[in-house]
Amino acid sequence: MEKIKDIQAYLTEGVENIVKDALRATLKDPRESAFMAKFAAASAKASKRRAAEEAKGLHVPSYLIASITSACNLHCAGCYSRSNHATEDCAPVRQLTNDQWLDIFRQADELGVSFILLAGGEPMLRRDIIEAAGKMQSILFPIFTNGTFIDEWYFNLFDKCRNLIPVMSIEGDQATTDARRGEGIYDKLIANMDEFHRRGLLFGASATVTTENLDEVLSDEFVTSLTDRGCKAVFYIEFVPVTEEAKQLAPGDAERERIRAGIDRLRQTHSEAVFVSFPGDEKSSGGCLAAGRGFFHINSHGGAEPCPFSPYSDINVAETSLREAIDSRLFHELRDGGHLMEDHAGGCVLYEKRHLVEQIMAGAAN
């Protein structure tokens, strides 16, 4: 397989492969095939919208990450979001409303954004927002979830709204997953996957890669345990250390090379699924894709941030448009200054260079 040079091109190709796979399943579920055919057409139209905006001087990324809540029911070991106080047990009052999120989704659609990754906290706590997202059939919504709130209501919603695709977090086998996420979580995830497979519904999985579970999550045994249950996408996210004690868990240069080699192998041997690595794929695409190069992040109260690992914002979508947020001064400084191309030791260049981001923010305020 030819080396992947651009993560956006690879993701687009991966979605097209999923569409083709779903279309082949027409006899099993005509609704799945009908949706995927419509989404393929909508994705092509969105690409034209982005090209039109580019011609006018506005670079619109294909992807948006939306943290629709800051509340979460789990206390996963080493969670960057809790360490940054972006996630709490209960969501504070200052959260975007259902109507505000729906308006953001509509603006994104008009600009040509094809994929909105719903995150949190735990996004499935906001059933109303996810239900509203299901009505936006021209956008694909991967939902990054810990899987604990998936119930009959959600199974029915995913069956009805094929543009909602849960991506469940799993760290390896039962011992590894439960050690990080809590006792019983692994069994819940496997039960969810088996039920998705039984109902013929699409889903993905996400693994946080550390120096301790690297070999496990890149193994054929682990991947086969997912794909045999119908998993169509596996996301590998490098661990971002938020304390000095946790730095030993962050992959270094040697481990990153093993991750790249492992994913290249999986892409050749497991054509039934899409494999995505952050930031590994970002390096091959010319640097970090944050700050609007390939995606950006909106936090639970509307702040437009370069990415979830870099919680800095100079503009809020509750007070302005999504178009203006994409074109923010902070994003321009990060992109034009070459800061996204720099090498780094942790899982995120902007987290490691956070003092530089703070300096840029301070300069904007003066």
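Some observations on this one:
- Checked against (1) under 30 Å from ALA254 (Cβ atoms); (2) modelled with pLDDT of 75 or more; (3) touching a Pro at 6+ places or on another chain (Cβ under 8 Å), GLU305 passes all but a single condition, namely (1).
- Selection status of LYS38, open to solvent by 70 Å² or more (accessible area, probe 1.4 Å), more than 30 Å from TYR351 (Cβ to Cβ), more than 20 Å from the chain's Cα centre (by Cα) and modelled with pLDDT of 90 or more: no
- Positions within region 303-312 being closer than 15 Å to ILE116 by Cβ and open to solvent by less than 10 Å² (accessible area, probe 1.4 Å), in sequence order: ALA304, CYS307
- When GLY230, GLY252 are checked against the criterion of being within 25 Å of PHE158 (Cβ to Cβ) and modelled with pLDDT under 95, a single residue qualifies: GLY230.
- Residue check, GLN95 closer than 18 Å to PRO308 by Cβ and more than 18 Å from the chain's Cα centre (by Cα): yes
- Note on region 182-196: among residues that are touching a Ser or Thr at 6+ places or on another chain (Cβ under 7 Å) and open to solvent by 30 Å² or more (accessible area, probe 1.4 Å), the one that is farthest from PHE235 (Cα to Cα) is LYS188.
- If you go through region 143-164 and keep only what is buried (at least 18 other Cβ atoms within 10 Å of the Cβ) and either free of Cβ contacts under 8 Å to residues at least 40 places away in the same chain or out of contact with any helix residue (DSSP H, G or I) (no Cβ under 9 Å at 6 or more places or on another chain) (or both), you end up with ILE143, THR145, TYR154, CYS161, LEU164.
- Residue match in region 287-300 (condition: in a helix (DSSP H, G or I), surrounded by fewer than 20 Cβ atoms within 10 Å (Cβ to Cβ) and either touching a Ser or Thr at 6+ places or on another chain (Cβ under 6 Å) or modelled with pLDDT under 85 (or both)): no
- Test: residue in region 254-266 that is open to solvent by 10 Å² or more (accessible area, probe 1.4 Å) and either in a loop (DSSP other than H, G, I, E, B) or in contact with an Asp or Glu (Cβ under 7 Å, 6 or more places away or on another chain) (or both): no
- Note on region 163-184: residues that are more than 13 Å from LEU118 (Cβ to Cβ) and either of a type in the set (Val, Ile, Thr) or out of contact with any strand residue (DSSP E or B) (no Cβ under 9 Å at 6 or more places or on another chain) (or both) amount to 11.
- All positions within region 130-142 that are touching a strand residue (DSSP E or B) at 6+ places or on another chain (Cβ under 6 Å) and open to solvent by less than 10 Å² (accessible area, probe 1.4 Å): ALA133, GLY134, ILE139, PHE141
- Each residue in region 203-227 was checked for being more than 30 Å from HIS355 (Cβ to Cβ) and at pLDDT below 95, and 3 of them qualify.
- Selection over region 207-222 of residues that are over 30 Å from LEU157 (Cα atoms), open to solvent by less than 40 Å² (accessible area, probe 1.4 Å) and not in a strand (DSSP E or B) gives a count of 5.
- Residue within region 223-245 that is touching a residue at least 12 places away in the same chain (Cβ under 8 Å), open to solvent by 50 Å² or more (accessible area, probe 1.4 Å) and in a helix (DSSP H, G or I) present: no
- Cβ pairs under 7 Å, 6+ apart, first in region 115-142 and closer than 14 Å to LEU102 by Cα and in a helix (DSSP H, G or I), second modelled with pLDDT of 95 or more and open to solvent by 10 Å² or more (accessible area, probe 1.4 Å): GLU131/LEU157; ALA132/LEU102
- Conditions (1) open to solvent by less than 20 Å² (accessible area, probe 1.4 Å); (2) more than 18 Å from the chain's Cα centre (by Cα); (3) modelled with pLDDT of 95 or more: number failed by GLN100: (1)
- The C-beta contact set for region 177-199 (first residue closer than 13 Å to ASN146 by Cα and free of Cβ contacts under 8 Å to residues at least 12 places away in the same chain, second residue among the hydrophobic types (A, V, I, L, M, F, W, C) and open to solvent by less than 20 Å² (accessible area, probe 1.4 Å), distance under 7 angstrom, 6+ apart or interchain) comprises ASP178/ILE185.
- Some residue of region 197-206 being surrounded by 16 or more Cβ atoms within 10 Å (Cβ to Cβ), among the small types (Gly, Ala, Ser) and assigned to a helix (DSSP H, G or I): no
The values are calculated or read from the model by the stated rules, or taken from the named source; none is laboratory data. Everything numeric in this text was worked out from a predicted model, so none of it was measured. All Cβ positions, glycine included, derive from the backbone under ideal geometry; neighbour counts span all protein chains shown. Accessible surface areas use protein heavy atoms only, side chains included; no ligands, DNA or RNA. Shrake-Rupley method; radii C 1.70, N 1.55, O 1.52, S 1.80 Å.
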